[in-house]
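See structure below.
The values are calculated or read from the model by the stated rules, or taken from the named source; none is laboratory data. Computed from a predicted model, the values in this text were never measured in an experiment. Methodologically, a virtual Cβ is constructed for each residue, glycine included, from the backbone with ideal geometry; neighbour enumeration extends over all protein chains shown. We work out accessible area using only protein heavy atoms, side chains counted, and drop any ligands, DNA or RNA first. Shrake-Rupley method; radii C 1.70, N 1.55, O 1.52, S 1.80 Å.
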Amino acid sequence: MRFGHLGFCTMAAAAALALGSVSLARDNAAQPPAPAAQQPPPPPAITDPLVREVLATNPTAPEDLVVAIRTLINLKHAAVARPYAKALLDAPMDDEAMFKLVQKLGSSPLMQMAAARDVQPEGRDAARKILEGAERYATDPNRLAGLIEQLKDPAERVRERAIGQLRYGGAAAASALLGVLADAARAPEHRTAQQALVELESNATGPLLGALQSDDAALKVHAAAVLAALEVRDAIPWLLGPAHSEQGADETRRAASAAIARLVGRSPSREEAIALLRQFALKYYRGGRPGLADSTGQVLIWDWDAEKKQSVQRLMPAEDAGWLYAYRLSRDLYALAPEDAAARRMYLASLLQFESYRQGLDKPLPEGPGGVREAAAALGGAAVLDVMGDSMAAGRIPAATACARLLADLGSADLLYERGETAAIVRAAQHPDRRLRFAALETIIKWDPKKPYAGSADVAASLAFLAASNGKLQAVLVDTLPGSSSRLAGFLAELDYDPKVVGTGRDLVKQAIASPDVGLVIVDARLAGVGADQIVQQLRTDSRTAAVPIAFLRDVDYPEAAERLARRHAPAIVLSRPSTTDEMKFQLDLLLREVGRQYVSLAERQ
């Protein structure tokens, strides 16, 4: 155990524990139940002399128990070790004792104990308890602060011991040391803290990258120097902007340039930095994601908390993290190339896309100085309209919607006539995405144009369409199985839909495009005549229904038909005919999860 691996082991242990639990459940499920009257056979006699020797030691101390359990597992007698696992779980230990136990034996025997089927659940619970306790002790803020104080000791032996103990604190220790560097009053300690960060090696990388997002010029200087000393090439994208920024401090420019030169051999010219930043920003702007996402689609990124003056880890959806990286890199790019229209579009679009996701698609953009509204206002209404059109064409709908909302205050009716063609905001007024359409219509109404403009008739039609709402979420369905449609309609009514049952595919299209309240379409995959595929193509090519979620009823004789349709016409699912309302709700929830954040709830529609 070294370099703060306690934190890593705790996370790895959680995964192992989960896998062990699944394996145990699977193994148990595979065993047929014993007859009620049959007694379990007595345990076999222990004949292995090595096993008998382990049992003869009668271990009671936590360290001896862990060693005994590991030995018995290795000797293929894990079941015999289960009482020892229970004794270990019940043993009184404080966090320091658990830390010292892991420090001495390492995490491997605990992981082994957590994964061995025959010592569960005690083995898994004991391993988790010890690893979590050790982690708490290793990362305790008071302990870390005391160790950092020891770095000032004149005795080299004391300082070396303190650094050795800080390694066990991992990223938490690195964040604490960065807190020292962020405190100007502790300037005499800065050199020692910087050297300690180098000693933490890879555990310092994340916190140091987070520190590069700080507005503290002096802190950036320290972070750049340590990252260069650690040869962290991942820092290069975040150093290019500071190395050439005309707004930054001279010391920051010099430190960033020196760090890049140490990492790659020389510092790039301004033109080279612009080209590299464009490349890095486009990676995320085109869908790249930082790091590997977990099973829920979340990633951990390092950021700087200005209030706490420390690097922190933030868990966010991988898509959001990608937009955050795209925004920050394109912001640096735009600062170096302010006349570059493509850089400006990338900067504002990624900022709006990220802020829309961060706030929630149904929430207004944040107010206040230095925020997104101020950034958009600095560019002007024409630039925002340009970004809106580009975002619509590229499918960045949250960014386009944010532009439509911003233009209510940043633009005027003059933007409807500037180019002699249909303005982007007019096209948005017929867009399939309901939020974008509504935001565009609100802005045009606020502008109150006094004369016709390209697409004005379409705007009037969109207004009339939305005005026809009765505030009730509708579901339109066609089902060829006798008696099934009325049962499905009953389930939908219980789920607060207003069900509309039709007899043909043509009637389904007619009903779906007639009402702005349609939030669900259910289509029998066995439709004859004008088939289900053609019907859905009509829905998907009409702006009023293009984004409506669709469920294809499965035919038990030809299930592949519904599967094929669902793949072709997303967002869609295959719907097995439910027998209860709960079954219907479960399947429709799967569909809404596929739609994701683009789904507009009944409350938001109203």
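Brief remarks follow.
- Within the stretch 531-544, restricting attention to residues that are part of a loop (DSSP other than H, G, I, E, B) and free of Cβ contacts under 8 Å to residues at least 40 places away in the same chain, the residue that is surrounded by the most Cβ atoms within 10 Å (Cβ to Cβ) is 531.
The rows are residues; the columns are (1) closer than 26 Å to residue 360 by Cα; (2) under 22 Å from the mean Cα position of the chain (by Cα).
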site	(1), (2)
278	no, no
300	yes, yes
308	yes, no
325	yes, yes
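- Test for residue 500: is it part of a loop (DSSP other than H, G, I, E, B) and either touching a residue at least 12 places away in the same chain (Cβ under 8 Å) or within 23 Å of residue 597 (Cβ to Cβ) (or both): no
- The set of residues from the stretch 400-424 being open to solvent by 60 Å² or more (accessible area, probe 1.4 Å) and either free of Cβ contacts under 8 Å to residues at least 24 places away in the same chain or in a helix (DSSP H, G or I) (or both) comprises 405, 409, 414, 419.
- Selection within the stretch 513-531: residues that are among the small types (Gly, Ala, Ser) and out of contact with any helix residue (DSSP H, G or I) (no Cβ under 6 Å at 6 or more places or on another chain). The member of this set that is nearest to residue 592 (Cα to Cα) is 519.
- Reported count of residues in the stretch 572-606, each being at pLDDT below 85 and part of a loop (DSSP other than H, G, I, E, B), is 4.
- Residue count for the stretch 162-194 satisfying the condition of being of a type in the set (Ser, Thr, Tyr) and more than 27 Å from the chain's Cα centre (by Cα): 2.
- Among residues of the stretch 123-145 that are under 22 Å from residue 161 (Cα atoms) and charged (D, E, K, R), those with a beta-carbon under 8 Å from a residue that is open to solvent by 40 Å² or more (accessible area, probe 1.4 Å) and assigned to a helix (DSSP H, G or I) at least six positions away or on a different chain give the pairs 136/95; 140/95; 143/137.
- Failed condition for residue 218, given (1) in contact with a helix residue (DSSP H, G or I) (Cβ under 9 Å, 6 or more places away or on another chain); (2) more than 27 Å from residue 148 (Cα to Cα): (2)
- Spans of helices (runs of 4 or more DSSP H) in the stretch 299-395 with at least 3 residues within 23 Å of residue 237 (Cα to Cα): 318-336, 341-359
- Which listed residue is open to solvent by less than 50 Å² (accessible area, probe 1.4 Å) and either touching a Phe, Trp or Tyr at 6+ places or on another chain (Cβ under 8 Å) or at pLDDT 95 or above (or both), from 213, 165: 213
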